[in-house]
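J.: This structure is in structure tokens; I'll ask about it shortly.
The values are calculated or read from the model by the stated rules, or taken from the named source; none is laboratory data. None of these values were measured; they are calculated from a predicted model. Backbone-built Cβ (ideal geometry, glycine too); neighbour counts: all protein chains shown. The protein model used for the area step is the full one, side chains on, heavy atoms only, and it has no ligands, DNA or RNA in it. Shrake-Rupley method; radii C 1.70, N 1.55, O 1.52, S 1.80 Å.
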Amino acid sequence: MITFNDTLDTAVACIRKWNKNTLVKEATLIRDVYGKVSLLMDNTEPVDDSDKGTLSSVLSGDMGAYFSGRVYWKKSAHNRKRLEEREKIIIDLIESERLFWKEEDGVKFYLSERAIAKKAWVCRWHDSESVWPYEEAESGAKVITFYSFKGGMGRTTALAGVALCLVKQGKNVLMVDTDIEAPGLATLFFDEEAVTRGVLDYLIEREVEPGIKLTDFVLDVVEPALLDEDAGKLFLMSAGKIDENYLQKLARIDYQDNRDGYLREALKGLLIAARNSYDIDYILVDARAGFHDMGGIAVTQIPHGVVLFGNDSRQSWDGITQVLRTIAEGHEEDFPVMIVDTMCPKPTAEDFVAARQRFMRKAYTVCMENYYDESSKVPGIEAEGEIHYPELIPFNDELLRGVELYSDESPERKQRVKAYENILTGESYRKITERICGWFGEG
């Protein structure tokens, strides 16, 4: 019995065994929201009704309920002008939305997926790579997304660490929490009373009042125990204040992109406003874990580079594999990506070397199968700085109690902030920072 997973390959097989397959130049497979497949056939010569019926019979027999019963033809044997005019509109729409899939036996196959949700993950976006060009990012603001498929991987803490490392270099940094369904970045830098508005508020209010100022939604990090006089400036745009109104605001975000391109344009507008409002060198985006719609946009459509966090578990690798595959399919040129192994053994541990090698071998296999282009030179497994070559963040139980990078000016609290700062600007986080800077020639 055919399943959803088999539909596309089965449709191709049906076309190849059709008695008139030599007439096929291109075929587009349109998979609707139920998973059913329709076809658009571009044939070199007109096809009569009998041969059309033969193809439909083959599709019905092999695909069963997963064949929609609809096949559109660019060339027909009979001139049915009224029908052709109506079909031409449909054909033009299909061809404007389709993406190239593969070529077999001289036939080009295209796909048009009609998804309800998760469009950022399942649709490829060759025409919308990064919120602004790399040429502008090299001399201006660079957008870096931090992502983990599973929660609890230390993603948010690492973002804070990289931000502090950059600020110590004199860079100006804006941290943006787009994990609006499970926010946490603000709790590292501010107490509960300091946060009033954030990303969620901005997304809601910009629809009502286009003239709002982004600066009203951003907090300055000015903790004296954290930043010295030579440091750059550090800003934070929290997800928002979780109060009695938060869920009502959250319920008004269009996650399914019913308004085509809404989420991307909303985040793009936010980042452009940030670049225009502040003298920023880096914008660090904390993305939602899992295959979340907003997380997908933050990872695949707006950044100039992505840092992926995971550990050596099956669940983590399943997520990293899919993310790498999506990035590779959606970016025509090399796209900076880094894999970080979190909570690995400490370098002094007996099993550190073995664990590192095991993780790197798995990363290399995943990149070979899902990211590296076979037509270009593939790096060796020991090639430092390549996507498969991981950075490591050893497990640190000091961070389990919760990180607080703000104080009440008491000597005890200031000392605690300093202790956390020392951890978050240590070797592991410095290496991640150095690689990010290297993406833009700042290493």
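J.: Quick one: if the Förster radius is 56 Å, what FRET efficiency do residue 442 and residue 60 give, using the C-beta to C-beta distance and rounding to 0.05? Intermediate values should be presented prior to the final figure.
T.: Details: r = 59 Å, r/R0 = 1.06.
Result of the calculation: an efficiency of 0.40.
J.: Continuing with this model, one more query. Residue separation times 0.36 nm, minus the C-alpha to C-alpha distance between residue 115 and residue 86: what's the value? Before the final figure, lay out each step's value.
T.: On the way: separation 29, 0.36 × 29 = 10.44 nm, distance 2.39 nm.
Difference between extended and current length: 8.0 nm.
J.: Then there's this: At residue 49 and residue 169, where each label point lies 7 Å from the Cα along Cα→Cβ, what is the point-to-point distance in nanometres?
T.: Roughly 7.0 nm, to one decimal.
J.: Continuing with this model, one more query. When only C-alpha pairs under 8 Å and at least 6 residues apart count, what is the relative contact order of region 95-170, in percent? Intermediate results must be reported in sequence, preceding the final value.
T.: Values: 29 pairs, mean separation 10.3, N = 76.
For region 95-170, the relative contact order is 14 percent.
J.: For residue 313 and residue 382 in the same chain, what is the full-extension length gain: residue separation times 0.36 nm, less their Cα-Cα distance, in nm?
T.: Contour length minus the Cα-Cα distance gives 22.7 nm.
J.: With a 1.4 Å probe and all protein chains kept in place, how much accessible area does residue 24 have, in Å² rounded to the nearest 10?
T.: 10
J.: Pairs 119/377; 268/431; 168/233; 150/418: which are spaced more than 21 Å apart, C-alpha to C-alpha? All intermediate terms of the calculation are to be shown ahead of the outcome.
T.: Working: 119/377 31 Å; 268/431 29 Å; 168/233 9 Å; 150/418 29 Å.
Long pairs (Cα-Cα over 21 Å): 119/377; 268/431; 150/418.
J.: Separation between the residue 95 and residue 357 pseudo-spin-labels, each 7 Å from Cα along Cα→Cβ, expressed in nm?
T.: For residue 95 paired with residue 357, the spin-label model returns 5.7 nm.
J.: A follow-up question, please. Return the distance in nm (one decimal) between the two label points of a simple spin-label model at residue 349 and residue 244, each offset 7 Å from Cα along Cα→Cβ.
T.: Taking the simple label geometry, residue 349 and residue 244 are separated by 4.7 nm.
J.: Based on the Cβ-Cβ distance of residue 13 and residue 182, what FRET efficiency does E = 1/(1 + (r/R0)^6) give at R0 = 35 Å, to the nearest 0.05?
T.: 0.20
J.: When the Karplus curve 6.51 cos²θ - 1.76 cosθ + 1.60 is applied with θ = phi - 60°, which whole-Hz ³J(HN,Hα) does each residue of region 22-29 get, with x for Gly and Pro?
T.: 5, 8, 7, 9, 9, 9, 10, 9
J.: Using protein chains only and a probe of 1.4 angstrom, how many square angstrom of residue 146 are accessible, to the nearest 10?
T.: About 0 Å², ignoring ligands and nucleic acids.
J.: Starting from the Cα-Cα distance between residue 251 and residue 404, subtract it from 0.36 nm times their residue separation and give me the gain in nm to one decimal.
T.: On the way: separation 153, 0.36 × 153 = 55.08 nm, distance 3.00 nm.
Taking residue 251 through residue 404 to full extension adds about 52.1 nm, to one decimal.
J.: Here's a follow-up. Percent antiparallel among DSSP beta bridges with both residues in the chain, to the nearest 5? Provide the component values of the computation, followed by the final result.
T.: On the way: 15 of 54 bridges.
Looking only at bridges with both residues in the chain, the antiparallel portion is about 30 percent.
J.: P(r) for the chain, please, calculated from all Cα pair distances in 10 Å bins and given in %.
T.: 4, 19, 26, 22, 15, 9, 4, 1, 0
J.: Given +1 on the Cβ of Lys and Arg, -1 on the Cβ of Asp and Glu, and no further charges, what dipole in debye does region 227-297 carry about its Cα centre, rounded to the nearest 20?
T.: It comes to approximately 360 debye.
J.: Can you compute the FRET efficiency between residue 138 and residue 230 using 1/(1 + (r/R0)^6), with r the Cβ-Cβ distance and R0 = 22 Å? Round to the nearest 0.05. Kindly include the intermediate steps, with their values, before the conclusion.
T.: Values: r = 24 Å, r/R0 = 1.09.
FRET efficiency, residue 138 to residue 230: 0.35.
J.: Along the positive direction of the dipole of region 85-242 (beta-carbon charges: Lys, Arg +1; Asp, Glu -1; about the Cα centre), which of 222, 211, 137 reaches farthest?
T.: Among 222, 211, 137, the one farthest towards the positive end of the dipole of region 85-242 is 137.
J.: Counting only residues 5 or more places away or on other chains, whose amide H sits under 5 Å from the amide H of residue 343 once H atoms are built in the peptide plane?
T.: Long-range HN contacts for residue 343: 393, 395.
J.: Also, quick follow-up: Calculated from DSSP H runs of 4 or more alone, at -39500 (n - 2.57) each and per residue, what is the 222 nm mean residue ellipticity of the chain, nearest 500? Can you show the working numbers first?
T.: On the way: 15 runs with 172 residues, N = 443.
Value at 222 nm, helices only, nearest 500: -12000 deg cm²/dmol.
J.: Could you work out the relative contact order of region 360-443, using alpha carbon pairs under 8 angstrom and six or more residues apart, expressed as a whole percent?
T.: Working: 44 pairs, mean separation 19.1, N = 84.
About 23 percent, as a whole number.
J.: To the nearest 20 Debye, how big is the dipole of the chain about its Cα centre, given +1 on the beta carbon of each Lys and Arg and -1 on that of each Asp and Glu? Let's see the in-between values first.
T.: On the way: 55 positive and 77 negative charges, 298 e Å.
Using Cβ point charges on Lys, Arg, Asp and Glu, the chain gives about 1440 debye.
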